[in-house]
1. Counting only C-alpha contacts under 8 Å and six or more residues apart, can you give the relative contact order of region 458-551 as a whole percent?
2. Considering the options Ile153, Val139, Leu129, tell which one lies farthest towards the positive end of the dipole of region 119-264, charges being +1 on Lys and Arg and -1 on Asp and Glu at the Cβ, about the Cα centre.
3. Which of Gly479, Val443, Tyr468 sits closest to the plus end of the dipole of region 429-507, meaning its Cα is farthest towards the positive end, when Lys and Arg get +1 and Asp and Glu get -1 on the C-beta?
4. What span do the alpha-carbon atoms of region 138-271 cover on each of the three principal axes, reported in whole Å from largest to smallest?
5. Taking only the alpha-carbon positions of region 196-326 and ignoring solvent, what does the Debye formula give for the base-10 log of I(q)/I(0) at q = 0.10, 0.18, 0.21 Å⁻¹?
6. Quick one: if the Förster radius is 30 Å, what FRET efficiency do Leu422 and Thr199 give, using the C-beta to C-beta distance and rounding to 0.05?
7. Any idea what Rg and Dmax come out to for region 293-450 if you just take the C-alpha atoms, in Å?
8. Say the cut-off is 26 Å between C-alpha atoms; which of Lys460/Lys532; Lys426/Lys531; Lys490/Lys560 go over it?
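Where a number appears in this text, it was derived from the coordinates with a stated rule and is not lab data. Note that the structure is a prediction, hence the values are computed from the model and not measured. Positions of Cβ are generated from backbone atoms using ideal geometry, with glycine treated the same way; all protein chains shown enter the neighbour counts.
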Amino acid sequence: MTCRLGSRRLGGSRGSLQPGTACSAASELDLSSRSRRSHKARLKLLGASGEAPLLSGWRSTPHTPATPAPHQSHNHLATPHCNGTDSSRGGLRRRSTYTSGRLRSGPHWSFVFDPAGRLCYYWSMVVSLAFLYNLWVIVYRFAFQEINGETLIVWFCLDYFSDFLYLADILFHFRTGYLEDGVLQTDAAKLRAHYMNSTTFYIDCLCLLPLDFLYLSIGFNSILRSFRLVKIYRFWAFMDRTERHTNYPNLFRSTSLIHYLLVIFHWNGCLYHIIYKNNGFGSKNWVYHDTETADVVKQYLQSYYWCTLALTTIGDLPRPRSKGEYVFVIAQLLFGLLLFATVLGHVANIVTSVSTARKEFQAKLDGVKTYMRMRRVPTHLQVKVIKWFDYLWLTQKCSDEEKAVSCLPDKLKAEIAINVHLDTLKRVEIFQNTEAGFLCELVLRLRPVLFSPGDYICRKGEVGKEMYIVNRGKLQVVGDNGKTVLATLKAGSYFGEISILNMGTAGKQLGNRRTASVRSVGYSDLFVLSKKDMWDVLKEYPAARVRLESIAVKRLEKYKKAPLEKVAMGRCQSTPGLVETSGRVPIEDMQLPPAPILPPIQSTHPPSYRDQLYSSSVSPLRVASPVASCASSARSSAAGGGSVAASIVAPRVLLDSHEVLECEIKRLRERLYTVETENAAMSAKLSQQQWEVDQRLQEIEMQICGGSSLSSQEDNERNRESII
Ligand SMILES: Nc1ncnc2c1ncn2[C@@H]1O[C@@H]2COP(=O)(O)O[C@H]2[C@H]1O
């Protein structure tokens, strides 16, 4: 089946899967139908609702691998995936399901199970339970044969039910897919051949060796069912997978260790009873004091108790009397010693891994404390640092989140980061409606930082080297005096972008200076993005660059207007989490303190915006803000004019109004350019999407007509090229 047909749209908050990845949303239960009629029905279904069926494996259409969707801009925060795999359902299940095309007549349904899927897992659990039944019961019934007569029917039923499960497991294996060259095989013939040529098949057959027929000659004896225990390989596989997947690995390990111990004691107790019963031990009442009166359960418990004492090396065993008893006890104690050492090792491992994170954290804290003590750091600062650690431990439970995922490939790391921080990133304006690659690249470069109450994240006039995204906490943008609050920032806001885009109000040369100070109110969890990283990414994504720049220009304008206009005009909408305050700050306050005097502008007329934009030596984005340029040019003119300009008042006024007009023209030019670039980006996006819709329609048409003409594909390619 082609991937498009197998695609399924996931609604709700996750948004819909992209065409390129949709094919990978195949279910672990892979159901195939080869009838043309149902093929048409499917097409109808797709056409009507846009919903693809849950099951894939459509074999009447030639198999084609998934074609990745053409690069496009969309809201990736709705469907956070960077590597084209969908992991939103079914855990580690591999979704790409390709089937080899083969046309057969007549409807035929077949099931193929994904070995990494949930169904396979649950099935292995059922088979493991059947195995456990055999593990506990076979030896018990052999040792205490007395039970056979009374409950024969029950045992028969249970035995054959477990055999039935074993048989079903063989059938299950016939329909379990396997990976060939990393692709899940679902072809029935191949699956059959693969299973029958594997050792597993022979082991499974061995498990079901029908020695039960010997019951007819030697009577009912559970030891004839011993081969059922070979199925242990399935149990181990199940345990392994559970250990890998569980969120409580230590609890699981402890439980499984205890279970193994119980099984060992059980088998040992049964062994003891078998030897005892066959007069292996000279004295009748060596372990059992009331041999004659004790029932089966009591005898079993007495044996179990004796074995527990022996194997845990607790001792206090009844003293052996005959030679055989001595040898048996010595062997038991030696085995118990080894078992004890192994158990201790396991327990130590579990305990260590439980507290690894805590130990690492504690070691770091101890190191910092020692350092502060040696360097005589003031007490209040020491307290602040310790409180910072406290908060870190309380909120994150580890000192280094990055280290935890450092072994993963970048794409997976980005996917995790997007998922973990989805709520925050969704609210950040610059990440909305951007290309997937842009978001992945940026997310990988975000570093988490934690600030304490009252910390200044940046101060006005400093050189900006980073921008910040608020993940958690509350921050204030404050004026020069440190008291006037210009704005309050909350989760989802970002700041510090003005200076790293060199758009600061201090003019072209000093555009990299912070335009305001930002202070943390309580503890603030931020993401930092360094200027270098930002530029590295923006170089690769010019559209995002234009977008970011235009947002920054808009914000800068608002920052300047806001104090004069009392309350910001809808800035909260463009930057969610941004809570405007009514702090009034005159526009001069938004400027930096007087910058060093610059040489006067040489040219007779100001360079155009485009010239400014592209002639910048620092970066292509270096655009001096209109007011900043005005201010600096005014300063320059003043510097150039010297005392003459200062003494002549009237021309000064004229000069001022001229400058104001110039500023206005510049500002309007910039706006025009921004709008133009945004327009261009939007129309490119539109035509791209239009092409995709056409492409999709054609595909569906081709599939309906049953034949795809090569020429139309070429046309598509040509169209696409022309659009690009
Ligand atoms: N009035 C304001 N309201 C909200 N945020 C501001 C305001 N002034 C400056 N900022 C932000 O504070 C940041 C300080 O550093 P930057 O100048 O790099 O970028 C600035 C803006 O992101």
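1. Details: 186 pairs, mean separation 33.9, N = 94.
The value is 36 percent.
2. Leu129
3. The Cα lying farthest towards the positive end belongs to Gly479.
4. Projected onto its principal axes, the Cα set of region 138-271 covers 54, 41, 21 Å.
5. Evaluating at q = 0.10, 0.18, 0.21 Å⁻¹ gives log10 I(q)/I(0) of -0.53, -1.09, -1.18.
6. Working: r = 45 Å, r/R0 = 1.49.
Result of the calculation: an efficiency of 0.10.
7. In Å, with Rg to one decimal and Dmax whole: 28.7, 85.
8. Values: Lys460/Lys532 20 Å; Lys426/Lys531 22 Å; Lys490/Lys560 21 Å.
Correct reply: none exceed it.
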